[in-house]
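Visitor: Handing you a structure now.
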Amino acid sequence: MASTPDPDNADAPLVTRPAFAHFLLSRFGASLAYQMVSVAVGWQIYSLTGSAMDLGLIGLAQFMPMLLLTLVVGHVADRYDRRKILAVTLTIETLSAAVLSVVSLAGEANHYIVYACIIAMSASRAFESPTMPTLIPAVVPRALIPRATAVSASSNQIAQIAGPALGGVGYALGAGWIYALTAVCYFIALVSMLTLKIEGQPSRKEPTTWRSLFAGFTFIASRRILLGTLTLDLFAVLLGGATALLPIYAKDILHAGPWALGMLRAAPALGAVSMALVLGRKNLTGNIGMTLFGALFAFGIATVVFGISTSIPVSIVALMVLGAADSISVVVRSSLVQLNTPNDMLGRVSAINMLFIGTSNQMGEFRAGVMASMTGAVAAVVLGGVGTIAVAALWMYWYPELRRLRSLHNVTPETH
């Protein structure tokens, strides 16, 4: 069978396409490993320090490498073989997880070692995160990109269900064993990437100049719908993110153990994968813009409900709704980027997209940790949810073209 799927066979299941199957396994393995690490690190750091600020610093340690490397990683992804880039990053992540496993099993782990390994893994993810999605146009026909994006997102969300569950329940055996399993998952992702065969690599290597480095920003700024979508997600999740505080909710508010933390971490992914599976079977149609804004309002409301809940079932349901709403935003944003960016610029634009995602997620965790240290966890989460609702309302007013969006294709440049 040819490594490049037949564009005319659009009805064939995506997973029957060899290149897409290899891509999917690699992304799933890496995502599963990252989720297990996130749960284990959060519980381990909170056990070592008992500090909400230190939980927030985990988010900062994950975000800063992405911020500092954004211009470099996008340009690298557009100049070199993207599979080789991913192979290097997955190797570093495998080794970092192995180090965490060894020091934890030996009883030598401390928060400095944990932070150092997280920074190394985050620097690798700074290259991995924007490079991985750029492979989608190379492994499926263009007409299937929205479906492939949804399926890819659903695999990522499945990993976010299984990963926290394994991390939370398995933590009873010790952090070292969870890190060892993480290293195995990263290694599987590495092997799958090394055996992936595709065409469609970057077609040219333009000289490295300041203009080429910032070309991704220029491209996004010239398309208000792209700019509006990315900044909407940036500020909405930056304010509404509560992931960093889940150890506090599990231990101090819901009065449970690591198993509850695993359930809480998995709940958003459970909602997200349910929605992503629906979107993977049928493309978004109708008024896509209003669907997007409705999802963001639901995200904010669910965040507020979670913030004030003292019941594990209510908290899980609220987080599931939050995850389902976020899944819609992910598919819309990712599809817009994939369908409206030339292949030779896709790395740089994806790097900026991932910077925005990292800012909203990791800096959102830092924001939550800092605010919780000053106002308490409940106030930090509730105020963040209210902020998300306010941001969605403002963007509806500032970006009327986004509110009227009815197609994910052919977003043209606009002059101002």
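The values are calculated or read from the model by the stated rules, or taken from the named source; none is laboratory data. Keep in mind that what you see is a predicted model, and the values were worked out from it rather than measured. All Cβ positions, glycine included, derive from the backbone under ideal geometry; neighbour counts span all protein chains shown. SASA here: full protein model, heavy atoms, side chains in, ligands and nucleic acids out. Shrake-Rupley method; radii C 1.70, N 1.55, O 1.52, S 1.80 Å.
Visitor: Positive end of the charge dipole of the chain (Lys, Arg +1 and Asp, Glu -1 on Cβ, about the Cα centre): tell me which of Ile225, Leu194, Val378 has its Cα farthest that way.
Guide: Working it through, the farthest residue towards the positive pole turns out to be Ile225.
Visitor: Given Cβ point charges of +1 (Lys, Arg) and -1 (Asp, Glu) and nothing else, what value in debye, to the nearest 20, does the dipole of the range 10-139 about its Cα centre take?
Guide: Details: 7 positive and 7 negative charges, 65 e Å.
Result for the range 10-139 is approximately 320 debye, rounded to the nearest 20.
Visitor: Let me ask something else about it. With springs only between Cα atoms under 10 Å apart, run a GNM on the chain and tell me which of Ser152, Ser350, Ser311 wobbles the most.
Guide: Ser311
Visitor: Moving to a separate point now. Accessible area of the range 51-200 with a 1.4 Å probe: how many percent of it is carbon plus sulfur? Before the final figure, lay out each step's value.
Guide: Numbers: 4040 of 5490 Å².
Of all accessible area on the range 51-200, carbon and sulfur atoms account for 74 percent.
Visitor: Next question, about the same structure. If I compute solvent accessible area with a 1.4 Å probe over the protein chains, what percent of it on the range 242-386 is carbon and sulfur? List each step's numbers first, then the result.
Guide: Numbers: 3410 of 4780 Å².
Within the range 242-386, the accessible surface is 71 percent carbon and sulfur.
Visitor: Kindly state, to the nearest 0.05, the FRET efficiency for Lys84 paired with Tyr397, given R0 = 56 Å and r defined as their beta-carbon distance.
Guide: Values: r = 45 Å, r/R0 = 0.81.
Step by step, r from the Cβ atoms, then E = 0.80.
Visitor: Related question: So what is the accessible area of the chain per residue, in Å², with the probe set to 1.4 Å?
Guide: Working: 16210 Å² over 416 residues.
Counting only protein heavy atoms, the per-residue value for the chain is 39 Å².
Visitor: Where nothing but the Cβ of Lys and Arg (+1) and of Asp and Glu (-1) is charged, how large is the charge dipole of the chain around its Cα centre, in debye to the nearest 20?
Guide: Details: 25 positive and 18 negative charges, 143 e Å.
Dipole size: approximately 680 debye.
Visitor: Rounded, prolate or oblate: pick one for the chain, where a ≥ b ≥ c are the square roots of the eigenvalues of its C-alpha gyration tensor, a/c under 1.5 means rounded, and failing that, prolate if a/b is larger than b/c, else oblate. Could the numbers behind the result be given before it?
Guide: Numbers: a/c = 1.57, a/b = 1.21, b/c = 1.30.
Because a/c hits 1.5 or more and a/b fails to exceed b/c, the chain counts as oblate.
Visitor: Quote the FRET efficiency, to the nearest 0.05, computed for Thr91 versus Ala221 with a Förster distance R0 of 25 Å and r equal to the Cβ-Cβ distance.
Guide: Numbers: r = 35 Å, r/R0 = 1.40.
With a Förster radius of 25 Å, E is 0.10.
Visitor: Using the per-residue mean of other Cβ atoms lying within 10 Å as a proxy for protection, in what order, highest first, do the peptides 79-92, 181-194 fall? Please list the in-between numbers first.
Guide: Details: 79-92: 19.4, 181-194: 21.9.
Sorting 79-92, 181-194 by mean packing, highest first, produces 181-194, 79-92.
Visitor: Here's something else I'd like to know. Work from the charge dipole of the chain (Cβ charges, +1 for Lys and Arg, -1 for Asp and Glu, about the Cα centre) and give the residue of Gly369, Met64, Leu14 farthest towards its positive end.
Guide: It is Leu14.
Visitor: Suppose each label sits 7 Å from its Cα in the direction of the beta carbon; what would the Arg404-Val191 distance come out to in nanometres?
Guide: For the pair Arg404/Val191, the computed spacing is 5.4 nm.
Visitor: Using the Karplus equation 6.51 cos²θ - 1.76 cosθ + 1.60 (θ = phi - 60°), what ³J(HN,Hα) coupling, rounded to whole Hz, does each residue of the range 316-327 give in order, writing x for Gly and Pro?
Guide: 5, 5, 4, 5, 5, 4, 4, x, 4, 5, 5, 4
Visitor: Helix-only mean residue ellipticity at 222 nm, the chain, DSSP H runs n ≥ 4 weighted -39,500 (n - 2.57), per residue, nearest 500. What is it? Mind dumping the intermediate values first?
Guide: Values: 17 runs with 307 residues, N = 416.
Value at 222 nm, helices only, nearest 500: -25000 deg cm²/dmol.
Visitor: While we're here: Give me the distance in nm between label points sitting 7 Å out from Cα along the Cα-to-Cβ direction at Ser51 and Val72, one decimal.
Guide: 2.8
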